[in-house]
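The values are calculated or read from the model by the stated rules, or taken from the named source; none is laboratory data. Just so we're clear, the structure is a prediction, and the values are computed from it rather than from any experiment. Counting neighbours? That spans all protein chains shown, and the Cβs are built from the backbone with ideal geometry, glycine included. Quick note on the areas: whole protein, heavy atoms, side chains included, nothing else; ligands and nucleic acids left out. Shrake-Rupley method; radii C 1.70, N 1.55, O 1.52, S 1.80 Å.
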Amino acid sequence: MGVLDYLRGFRVTFDKLFEERVTTEYPEEKSPKPDRLHGRHVLNRYEDGMEKCIGCELCAGVCPAKCIYVRGQDNPLDEPVSPGERFGYIYEINYLRCIHCDLCVEACPTQAITETKLFEFSFTNRSDAIYTKDELLVGDDGLPQNLPWEDWRPGEDVATSAWMRATSPAGDADYVGTVGWSGELGYGVRAPEVGQFGEDPEPPAAEVDPVDEGGHH
Ligand code: SF4
Ligand code: SF4
């Protein structure tokens, strides 16, 4: 390798010094998170403050990591916690096991549980990794609580993944643009998500397998 080759190499390095950086100095600086990022959960409340969870345990049943523990209880008649018969009396999620698949969100019949975009949280012992109902429940402003061991920054997107159920849970194109989501404390009725087809509500035509065209399978 000649001297000229070395100089060419140094020139590449020198040129890069003046180019705009594409990297982010994390954790000093955070990049905006994608709309569909799955972070730590919240338990939502209706616009009147009542809890959405009815303690049905469907989320716990569907969870592949078996990290949700729920117990329902009858609502006190004089001071109901949720509309209807029962409410989530105990609600816990073990974040040492959760894989943030959002299946609990899909399963919930009342849209009580959704996920925020926060994944920056850490613990020093196992019991702290189990979030309790008090920690998961949104505050009186309808927003996730900023717990001391979580790294929330000003200006961060605090919206939860309500978009996920704002349109059809089954992803049926007929429901794109249709709100299937009850009003929520701090948000009201959420706007529907545009869906995976962007601005165009029409899904691309399904590809037809020539073998299937004649009705053969
Ligand atoms: S996101 Fe998935 S793994 Fe985590 S609690 Fe929900 S169902 Fe379980
Ligand atoms: S979060 Fe939803 S699925 Fe889970 S117990 Fe409450 S109402 Fe049922």
Taking segment 58-97 on its own, how many of its residues are assigned to a loop (DSSP other than H, G, I, E, B) and within 16 Å of ligand 1 (Cβ to nearest atom)?
8
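Search segment 109-135 for residues being among the β-branched types (V, I, T) and open to solvent by less than 40 Å² (accessible area, probe 1.4 Å), and hand back the single one that is farthest from ligand 2 (Cβ to nearest atom). Before you say what the answer is, go through the steps one by one.
So in segment 109-135, the residues among the β-branched types (V, I, T) come out as 110, 113-114, 116, 124, 130, 132.
The next check asks that each one be open to solvent by less than 40 Å² (accessible area, probe 1.4 Å); those that pass are 110, 113-114, 116.
Numbers: T110: 5, I113: 4, T114: 9, T116: 15 Å.
Applying the filter and picking the extreme gives T116.
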Of E57, E106, the only residue that is within 14 Å of ligand 2 (Cβ to nearest atom), under 19 Å from E184 (Cβ atoms) and acidic (D, E) is E106
Total residues in segment 98-108, condition surrounded by fewer than 22 Cβ atoms within 10 Å (Cβ to Cβ) and part of a loop (DSSP other than H, G, I, E, B)
5
Considering segment 95-145 alone, what residues qualify as being under 16 Å from T160 (Cβ atoms), among the hydroxyl-bearing types (S, T, Y) and over 15 Å from the mean Cα position of the chain (by Cα)?
T110, Y131
Could you please find all residues in segment 112-124 being within 17 Å of I90 (Cα to Cα) and part of a loop (DSSP other than H, G, I, E, B)?
A112
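Quick grid of which residues meet (1) under 30 Å from N125 (Cβ atoms); (2) away from ligand 2 (no atom under 15 Å from the Cβ); (3) surrounded by 15 or more Cβ atoms within 10 Å (Cβ to Cβ):
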position: K16; (1), (2), (3): no, yes, no
position: V22; (1), (2), (3): no, yes, no
position: N44; (1), (2), (3): yes, no, yes
position: C53; (1), (2), (3): yes, no, yes
position: K66; (1), (2), (3): yes, no, no
position: Q73; (1), (2), (3): yes, no, no
position: E79; (1), (2), (3): no, yes, no
position: F87; (1), (2), (3): yes, no, yes
